[in-house]
Structure formats: C-alpha cells, structure tokens
1. Looking at B:ASN77, is it surrounded by fewer than 16 Cβ atoms within 10 Å (Cβ to Cβ) and either within 13 Å of chain A (Cβ to nearest Cβ) or within 16 Å of ligand 2 (Cβ to nearest atom) (or both)?
2. Please indicate, with yes or no, whether at least one residue in region A:331-339 is within 14 Å of chain B (Cβ to nearest Cβ) and surrounded by fewer than 18 Cβ atoms within 10 Å (Cβ to Cβ).
3. What number of residues in region B:107-128 are assigned to a helix (DSSP H, G or I) and either within 14 Å of chain A (Cβ to nearest Cβ) or modelled with pLDDT under 95 (or both)?
4. I'd like to know if region A:360-369 contains one or more residues that are of a type in the set (Lys, Arg) and in contact with a helix residue (DSSP H, G or I) (Cβ under 6 Å, 6 or more places away or on another chain).
5. Considering only region B:5-37, state which residues are more than 8 Å from ligand 1 (Cβ to nearest atom), farther than 30 Å from B:GLU194 by Cα, surrounded by fewer than 17 Cβ atoms within 10 Å (Cβ to Cβ) and of a type in the set (A, V, I, L, M).
6. Which of the residues spanning region A:213-240 are free of Cβ contacts under 8 Å to residues at least 60 places away in the same chain and either basic (Lys, Arg) or farther than 26 Å from A:GLY114 by Cβ (or both)?
7. Return yes when B:VAL66 is within 21 Å of the chain's Cα centre (by Cα), away from every other protein chain (no Cβ under 14 Å), within 16 Å of ligand 1 (Cβ to nearest atom) and modelled with pLDDT of 95 or more and no when it is not.
8. Residues that are buried (at least 17 other Cβ atoms within 10 Å of the Cβ) and within 14 Å of another protein chain (Cβ to nearest Cβ): find the helices (runs of 4 or more DSSP H) completely inside region A:209-325 holding 1 or more of those.
Amino acid sequence: MILTLAFRNLFHDRIRLAVTLVGILFSIVLVAIQLGMYLGSSQMITSMIERSKSDLWITAFGAKSFEEGGILLTSRERHQALATPGVKAVVPLVVAFAEWRKPEGGSTRVVLVGTDAEDGALEPWSLVAGTWQDIKSPDAISADDTYFRELGINGIGDTAQIAMGRVKVKALTHRIRSFTQSPYVFTTLSRARSLLGADSDKATFYLVQLEPGANVEAVRHELRTRLEGAEVLTKDEFRDRSLRQWLFRTGAGLALIGGALLGILVGTVIVAQTLYSSTKDHLNEFATLRALGSSSGYIYKVILAQAGLSAVIGYILGILISLGILYISRNTPLPLVMTPGLAGALFGLTLFMSAVSAISAIIKVTRIDPAMVFNR
Amino acid sequence: MTTPVLEAVNVVKELGKGAGKVQALKGVNLALVKGELTLLMGPSGSGKTTLLSILGCILTPTSGIVRVEGEEVAGKNAEELAELRRKHIGFIFQSYNLFPTLSALENVRIALDVIGRKGYQAALRAEEVLREVGLGNRLKNYPSNLSGGEQQRVAVARAIAASPSVVLADEPTAALDSENGHAVMALLARIAKEQNRSVLAVTHDPRTLGYADRVVRIEDGLIVGEERRPQGLDAPEITDLTKRRKANA
Ligand SMILES: Nc1ncnc2c1ncn2[C@@H]1O[C@H](COP(=O)(O)OP(=O)(O)OP(=O)(O)O)[C@@H](O)[C@H]1O
Ligand SMILES: [Mg+2]
C-alpha cells in the first residue's frame, strides 16, 4: 500500500510530476555528459599506455605524460636495464610533439609516435587501410581518419612534412583520438628519430617486459638503483601521471567534475522543492494516517517511496537521453563514454539525490499534528 | 457493571499559549462501555472535539487520567500514542478524510496496512467490511465518484476494519443530508451493538438522538448532564424518514 499511495500521490499532480522528472532528468543528463566527457578524455589520454605491452616504463626524470617525455634516454640506460635480472626485453619508443605541414600549406601540431611493431610493445591498432609493412616503406607514416581535416589530407597517398622531413600517408588508423587535439601519427622508430633530428640511440621511453614469474616490485627496485637519471614507473603509475597532467594540471578535469556537481546540486534542489510541495499538499492525508495510528516511519516510507519512484522514472528517461547524446557525439573530437559502472553510479546518485531531497519533506511531516484531522 | 474500555478521570486540557490560552476542558469524567452508542452533545466551542481528541489519544490531557483498555495514557510519547490508536481506536471525521487518490477498497486497506495487516487477507477483510456497510458494489469507486453518505460509510468501514474496541466520530452526519445522516447513525448504532464495541459520536444534530443508548451533554468544558435512552422507544426521525420515502415514491 505504501507504494500504491506513493504512486498515486505522484501521478495525482501531473504537472508537478513533470517538473520533478525534468529536474532529475536534467541532472542525470548533465552529470552523464560531464562524467562521460571525463571518461572519454581519460580513455584518450591513456589509450597509448593501455595498449602497450609492458610491465614497467622507464622515463626521463619528470616526464609528465605520454606526450611530454622528451627524447632524453640513451642506449646506456637501455643496456643497464637489459642487464637487470628478471628483464626479458627493453623496447624503445620515441614520442614527441612535432610540426605537421599540410600539403596545401599551413601547419598544425601532431604527436609523432615512433615504434617498431616487431618488438611487440606498441603498434598502431585499428588499422583500416594499409599494414605495418606499408608503414615500414620509405617515408611512410599512418594517420587517423578522424583528423583528415586538421591534417589537410584526403587519405592514403597524400604527402606532408613532419618537422625535418617529407612523409607519405601509407596507412590509416580509425578513431584513435588525442586528448591534446594533436593527432597521433605512427611511424617506425628510426624514422621518428630522423624526422625529429634525434640521435639514433635516443628514446623517449623504454618499455620493460619481464621474464615470466619475475617480481615486478623487485625488478623495479633494482632498475631504480641502476638507472640514476631515469624514473621507473609501473603502467598504472604512468597512466595516473598522464591523467593528472592533462585532467588536473590543465583544469579540464576540474571543470568537468565541477559541471557534474552543479548538475547534482540543481537536480537535488528541484526534486526537493517538488517533493516538499507535494508533501505539503498531502499533509491532511498524512495527518489522517497518523490519526489512524500509523508510525512516523510508515509516513517516511511513503515520502521516500515517492522520491524513489521519481528517481527510477527520471533515471530511465535521463539515461535514454544520455545514450542519444552519446550516440551523436561518437564522431566528434571528444566522444562521450558510458560504461556499466557509470550507469550504475548514476543510478546510485539519483537515488541518493532523491533521498536527500526527501529530507525537507520528512521534516515537514515530523511536525504534523494529528489533531488537525478534526479541523477541516 | 462492565469495566469501561475508555475512561477519562478529571481531565483538564489547556489549549493555546500566552494570552490566547484557553481551558477547553475543566475536569471531565467520562467512561465508555462496550455495546453502546454514546452521543456527546453541546454548543459550539464547548470542548467536544477536544475531549474526543483526548479520548482518542491524539492529544494528551494537561492533567487528569485517561485509560484505554485499562492502560494509562500519561507519559506516552507520540509513537506510543500512535500504537494505542492503531490497537484500540477507530476514527470517523466530519469531512470523511478519505484519500482521494485511493479507491474505496484501498482506503480501507491502507488502514489495515498501517497496523501491519497486508496482502490478500487484508484485501478480503477490507472487502468484507465494505459489504457490511452496504458498499459491496462500490469497491473500486474513488471518493470523487461516491456520494457524501457513501464516502462516510467508507470511512466507517475504515474505522472498524481493524476491529477496534472504540470508535470515535466527530460530527459524522454534519455534512450529510437527513437521509444519509440517518443511515450513518443507524450504522454506528449497529456496529456498537452487533460487534460489542463502544462508539462515541460528537454531534449537535438532534436528528441523531433516536439512535443513542446514552446522551452526554457538555458545556464550557464540563459535563453538565447525562441521560440513558431506552432503545427503540422514540425515534421520531425514523418515522419522518419513512414518510418522506413514501412521499417521494
Ligand atoms: N489549538 C487551539 N488553541 C487555542 N484554543 C483552542 C484550540 N483549539 C480549540 N480551542 C478552543 O477550545 C475550545 C473548545 O474547542 P473545541 O474544538 O473542542 O469545541 P467544539 O465543542 O468541538 O466546537 P464545535 O462544535 O464548534 O466543533 C474553544 O473555545 C476553542 O476556541
Ligand atoms: Mg468540534
């Protein structure tokens, strides 16, 4: 009966119900967009690190992110690392921002990733045209099909210039997006070095792969003592560091989280307001319930059920709209991401928001005087 | 003499604060026994509703003693008073106080739900009491689709659904026309007698006199008189009603 009464109270005033639902829906969509952008950004920031097959990352001291590692490591560090017990392979990677001169004139910035796929640590994934063999051919690079306009190219076969040299688009990746908005361009390790004018023994990172059964912490400790000019990070640490750099040093993450909090706040206020006015309208009924001997807990349950029902309905509508926006955003530079975890968290958030909203209404009925049943 | 189910001894009740403070009850003694319909009559402002609220454990007396089924009310908090109400007392109000968004059946069911009686058995019980008050064919109607008399009968069904030992009614006929008023009073008399329950109805409607076993008069916060009425001897209104029915036919 609690649910029945809550349901009827809710649907009794359709306009107020609409306002409540719009409030919940608005906040869910806002929070979903903000957190979806946050997740989308995180995935973009960490995609290279996530895709790499390595247990430990050796970086120059103070490397802030995947894109900002410098080209500072030398073969000395590589050999020291290779000589460390438990280390199976040490794969060099060159990553740097570089100027891209468009074929038709003008320039933009790209992130050049030099890697040898044969080493088995990182290779361009989701190739939709061309192969790794094509990228190995003279002057070849791969570009991403979402960035044709920024790069001023139309597809395979186009030529451009990166930093010091001419390059030819020989392969295409699909939707490998970059948080910095500088497109990722893959090429071989040696070509990356020569394009960037770096010595042939230099690298940005060494990706360390361990022997089976080796203890990550022990190897890391050993590497740290051997490599004085470098940092040794686990994959998770490096990922977190990149995230921190791009999301928090730049303020982007705070803006997204701030937007989400604002959404929660506005939603809570709207729901609290409508729930309070609904409770006020039904005060006589609550007083009657009280006169009939109901415990105050019973009445709270009716109010909470009203809040919960609004939450469930608002959530379903909100998620549907969010999924629509998600679908529309899939080809934009910042596609939104929705995970089952986020959907679950949003549901929890909606319930929490509604429960908080119910507080003012509950305080109102706590003050109810059952004697009012006689005076109307 | 049977022991009273509800008893007020020397009850004083002050209402309001400061300059607006009023002594609504000035030392009331009253005992209600099972099987009787008692009418509480008196002028406006004499303290009828106040006394009913105190007997019904909605208000507590400023001083004096109230006992429900032998249990003293003094010192109980709001939750404990609510428990006393749901265990022993049914209420009927002048303006019915039905839930407009619930059907007749649901209005009765919620009163059972409140006391913890749920599910199919509760639904059966609700239907049973609605049949008892003659609304077996109105179970699904909402209050807005029921006449005033029918609404008040739903309220009566709601009040007796949990089989309380006391039913308290505040001006149950005031909003009803004469015919419906009589029907509701007849119903109250019946539920007092047939179900061996004590019913107290506040009224200043002389048409209701014929149904009473006992009439208590209150004035200015004090009981000023009491009479017992031999049943079935005078109910002139009933005769009037029959006459009118015939005239209408
Ligand atoms: N909340 C209150 N605060 C102050 N005084 C009150 C309050 N409620 C009632 N009173 C006063 O207490 C007295 C008794 O009121 P009560 O409502 O019991 O009268 P009543 O006999 O039911 O009258 P009526 O026939 O008009 O319903 C009246 O003088 C009334 O003005
Ligand atoms: Mg009154």
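The values are calculated or read from the model by the stated rules, or taken from the named source; none is laboratory data. What you see is a predicted model; the values in this text were computed from it and never measured. Cβ: placed from backbone, ideal geometry, glycine included. Neighbour counts: every protein chain shown.
1. Values: surrounded by fewer than 16 Cβ atoms within 10 Å (Cβ to Cβ): yes; either within 13 Å of chain A (Cβ to nearest Cβ) or within 16 Å of ligand 2 (Cβ to nearest atom) (or both): yes.
Answer is yes for this residue.
2. Keep residues of region A:331-339 that are within 14 Å of chain B (Cβ to nearest Cβ), which gives none.
Scanning region A:331-339 turns up no residue that is within 14 Å of chain B (Cβ to nearest Cβ) and surrounded by fewer than 18 Cβ atoms within 10 Å (Cβ to Cβ).
3. In the first step, residues of region B:107-128 are kept if they are assigned to a helix (DSSP H, G or I); the result is B:107-114, B:119-128.
This time we only want the ones that are either within 14 Å of chain A (Cβ to nearest Cβ) or modelled with pLDDT under 95 (or both), so: B:107-114, B:119-123, B:125-126.
Matching residues across region B:107-128 total 15.
4. Here is the first cut: in region A:360-369, the ones of a type in the set (Lys, Arg) are A:364, A:367.
From the residues that got through so far, the ones that are in contact with a helix residue (DSSP H, G or I) (Cβ under 6 Å, 6 or more places away or on another chain) too are A:364.
Looking for residues that are of a type in the set (Lys, Arg) and in contact with a helix residue (DSSP H, G or I) (Cβ under 6 Å, 6 or more places away or on another chain), one finds at least one in region A:360-369, hence yes.
5. Those that are more than 8 Å from ligand 1 (Cβ to nearest atom), farther than 30 Å from B:GLU194 by Cα, surrounded by fewer than 17 Cβ atoms within 10 Å (Cβ to Cβ) and of a type in the set (A, V, I, L, M): B:VAL12, B:ALA19.
6. A:GLY213, A:GLU217, A:HIS221, A:ARG224, A:THR225 - these are the residues of region A:213-240 that are free of Cβ contacts under 8 Å to residues at least 60 places away in the same chain and either basic (Lys, Arg) or farther than 26 Å from A:GLY114 by Cβ (or both).
7. Details: within 21 Å of the chain's Cα centre (by Cα): yes; away from every other protein chain (no Cβ under 14 Å): yes; within 16 Å of ligand 1 (Cβ to nearest atom): yes; modelled with pLDDT of 95 or more: yes.
Judged against the criteria, B:VAL66 is a match.
8. Working: elements: A:216-226, A:235-243, A:252-281, A:283-291.
Of the helices (runs of 4 or more DSSP H) lying wholly inside region A:209-325, those with at least 1 residues that are buried (at least 17 other Cβ atoms within 10 Å of the Cβ) and within 14 Å of another protein chain (Cβ to nearest Cβ) span A:252-281, A:283-291.
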